[in-house]
Amino acid sequence: MNRGVRTALTAVAWALLAGPIALGFLAEARNSRALALLEEIRAAEEHLAYQGRRTIRTREPDGVHSRKIDVRVEPGRRIRVRPAPGEPARARRGWNPLRRRTRARISDPELILENYHVAWGEAGHVAGREVDWIRLEAKHPNRASYELAVDRQLRLPLAFRALDVQGQTMYESRFESLTLDVPPLSEEHKPATEAEAPKRPRPFRSIERESVSENDIRGVMTFTTWKPSRLPAGYRFKSLELLRIPGSGEALIGLWSDGMTTMSLVQASSVNPSWRFFRGLIGLEDAAREPSETVEVRRLSHPAGGTVLDTTLGGTDVLIAGQIDSAELENVVRYLVKME
């Protein structure tokens, strides 16, 4: 073999070897950049104080609904949300099984990178500020994707969209105005005397909640408890909580997440009234019914759509909900196993 042919073959071999290595370095660099960006967004959501007016649009079966809200986020993560002047008061909608309130959409950057591709879009302006659009494209089929307009300086999301698998907007939230460095409301409007302080009504229910593990509740619950043996792709266990509702017994809530959406599993005894409380949160009928193995499926009023399934297993009323295709949730229910 002459020297020219040998040199050419050597060059080809190096190219074949170096190509995957170079692509690997590029992919790692992109992931590092995406992770750093998501960490910056999370830090901004957790620490910045601000107030502003947001427009929210949701796509419902009867059309697109729009409303405006005033949002105030004080130091220490205290959040106040009120209808904008002229907007009717609305009851809180959607599945929210008494989770502790948080304003952070980007709560787990590493898990997001496992389940979503991060793509950079065009620059723009929202609420008079320069933003960069980024897109979180779902890696798994039949999942929503998301778009965020991130303040170029602050890294605070100023606009957010949830897109279905066809790319249509299901939910959009966008700031119209934004003011930074908001002092605590208690310092702005501190009552001159105790008599001037507004009296808040006592809560209808005082709910005790406790973070537990499977070992903590094994053998001590008054109803049969269940856990999923199969999860939707990309979902990881996040928390398990025991709730005690005075006069309504106990309930167990488990949460799983893919970084952007959650799956909730709520369990309560079918002979205690606590299950009615949770069914009422999502608009299911608050009426006594006979236990049944039938799975009742309802669409969720949630920014990313989703489904809630209701069934009874072994004397336990089970509600499972998530921003996931109903077939995936039904598969979770099919493979529930007892906590033993």
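Throughout, read-outs are computed from the coordinates displayed, never taken from laboratory work. Remember, it's a predicted structure, so these values are computed and weren't measured experimentally. Note that we place each Cβ from the backbone using ideal geometry, even for glycine, and neighbour counts take in every protein chain shown.
Can you run phi through the Karplus equation (6.51, -1.76, 1.60; θ = phi - 60°) for segment 207-217 and list ³J(HN,Hα) in whole Hz, with x for Gly and Pro? After applying 6.51 cos²θ - 1.76 cosθ + 1.60, I find 9, 8, 10, 9, 6, 9, 10, 4, 5, 5, 9 Hz. Taking other C-beta atoms within 10 Å as the exposure proxy, Arg334, Arg105 rank Arg334, Arg105 from fewest upward.
Couplings for segment 313-321, taken from phi via the Karplus curve 6.51 cos²θ - 1.76 cosθ + 1.60 with θ = phi - 60°, read 9, x, x, 10, 7, 10, 10, 10, 9 Hz in order; Gly and Pro are left as x.
Ranked by Cβ crowding within 10 angstrom, fewest neighbours first, how are Asp108, Asp151 ordered? Write out the running numbers ahead of the final one.
Details: Asp108 18, Asp151 22.
Least crowded to most crowded, the residues run Asp108, Asp151.
With the simple model of a label 7 Å out from the Cα in the direction of the Cβ, Glu87 to Ser213 spans 4.3 nm. The phi-based Karplus calculation (6.51 cos²θ - 1.76 cosθ + 1.60; θ = phi - 60°) puts the 3J(HN,Hα) values of segment 35-48 at 5, 4, 4, 5, 5, 5, 5, 4, 4, 5, 5, 7, 10, 6 Hz, whole numbers, x for Gly and Pro.
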